[in-house]
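The values are calculated or read from the model by the stated rules, or taken from the named source; none is laboratory data. Note that the structure is predicted; figures quoted are calculated from it, not measured. Cβ placement follows ideal geometry from the backbone for every residue including glycine, while neighbour counts extend to all protein chains displayed. Side chains are part of the model used for accessible areas, which takes the heavy atoms of the whole protein and leaves out ligands, DNA and RNA. Shrake-Rupley method; radii C 1.70, N 1.55, O 1.52, S 1.80 Å.
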Amino acid sequence: MKKIAILGSTGSIGTQTLEVVRRNPDVRVSALAAGTNAEKMEKQIREFRPRIAGMWTEAAAKELRARVADLDVKIVAGMEGMLEIAVMPESHVLVTAIVGMIGIRPTIAAIEAAKDIALANKETLVTAGHIITSLARKRGVSILPVDSEHSAVFQSLNGESAKRVEKILLTASGGPFRGWSREKLAQVKVEDALRHPNWSMGRKITVDSSTLVNKGLEVMEARWLFNVGLDRIQVVVHPQSVIHSAVQFADGAIMAQMGVPDMKLPIQYALFYPDRRPMPGKRLDLFELGSMSFEKPDLETFRGLKLAYQAAEAGGTMPTVYNAANERAVALFLDRKITYLQIPELIGEAMNRHRITPNPTVEKILETEQETYEYISGRISR
């Protein structure tokens, strides 16, 4: 029996992880944690019967306690609650499906407790990759990628020598605005940015995909996951989203992972690696597909990706500034307080004013995040 704990169980990745659990009776959910949706959490508790459930706010935890007072489940709250879930002895794998840098401390705690990590929280490696990967090696813990692109690279590397990797090819759909000019992007509304052509995701990551910031975060994450230089990570726009990513080796051979866009495949692969279990659903029909196309990303129009490479090259606390500025800018855009093109503009401004701290501690990373939030808030309120 494999026992798992899920941080972010009511979100897109979390709910799809639970779909995988439903089809695999030898998996037990030991703990669940979410933000503030007590109603949805109650339904998950009643179905999966975890020992512990956590909510981000005490108010949501109080509501949840009332909803599940008839059940034998411990309700915890805030960061302390997530840390308790991360280290609980009753789980083997921590699925980090929460969005944002709040995932750093629970991930570190879980690694120190010798838990394997099914990683969907890219901000953890983007901002603290130097800490996370070093600790995982020290503790002998596996970090199993759940993002479709990183899972594709991980699968393509299966049985191959990492020393023979020449290039990682990270594919991107290009989002709903592929081929658009900056003049046209200036007219983008919230509803436009939330219409992704291929994937069903949360609101924040959908906007990130449209700006190519999400691909920039994935570049930074891949650097740590696969221990390769930035110059060996190439983004390839592939509108059909059939090749989820690929690896080019020293002899010129390219190994790619293909399939229909479905996040449950990388989730299931991470949970049961190295086993590859049957999974129902639509199969890729190459005759129906007919053809595939590939393009270079437009780094001048979609500045978010270009800024990501610059942040990664600068290192230290700069990736934290990039991530935090984007997080706050996207929230402002979704609240209709800034325009679409102001998202990369604010990221660039925050990066330009920042003084880098090399090899930051977790405390310095979180301090930098807060400083960046305050700068963006002050910048918009002026």
Determine, yes or no, whether His150 is in a helix (DSSP H, G or I), surrounded by fewer than 23 Cβ atoms within 10 Å (Cβ to Cβ) and not β-branched (Val, Ile, Thr). no
Would you be able to say whether some residue in region 286-296 is assigned to a loop (DSSP other than H, G, I, E, B), among the hydrophobic types (A, V, I, L, M, F, W, C) and touching a helix residue (DSSP H, G or I) at 6+ places or on another chain (Cβ under 6 Å)? no
Which of the residues spanning region 1-55 are touching a residue at least 60 places away in the same chain (Cβ under 8 Å), assigned to a loop (DSSP other than H, G, I, E, B) and buried (at least 22 other Cβ atoms within 10 Å of the Cβ)? Gly8, Ser9, Gly11
Can you tell me which residue in region 301-353 is farthest from Val207 (Cα to Cα), limited to those that are open to solvent by less than 10 Å² (accessible area, probe 1.4 Å) and assigned to a loop (DSSP other than H, G, I, E, B)? Thr317
Restricting attention to region 95-121, report how many residues are surrounded by fewer than 24 Cβ atoms within 10 Å (Cβ to Cβ) and among the small types (Gly, Ala, Ser). 4
Considering only residues that are in a loop (DSSP other than H, G, I, E, B), more than 14 Å from Val235 (Cα to Cα) and without any contact (Cβ under 8 Å) to a residue 60 or more places away in the chain, which ones fall in region 153-176? Gly159, Ser161, Pro176
Run His92 past the list (1) free of Cβ contacts under 8 Å to residues at least 24 places away in the same chain; (2) within 16 Å of Arg51 (Cβ to Cβ); (3) open to solvent by 30 Å² or more (accessible area, probe 1.4 Å) and report the number of the one that doesn't hold. (1)
Since Ile117 meets every condition but one in (1) without any contact (Cβ under 8 Å) to a residue 40 or more places away in the chain; (2) part of a helix (DSSP H, G or I), which condition does it not meet? (2)
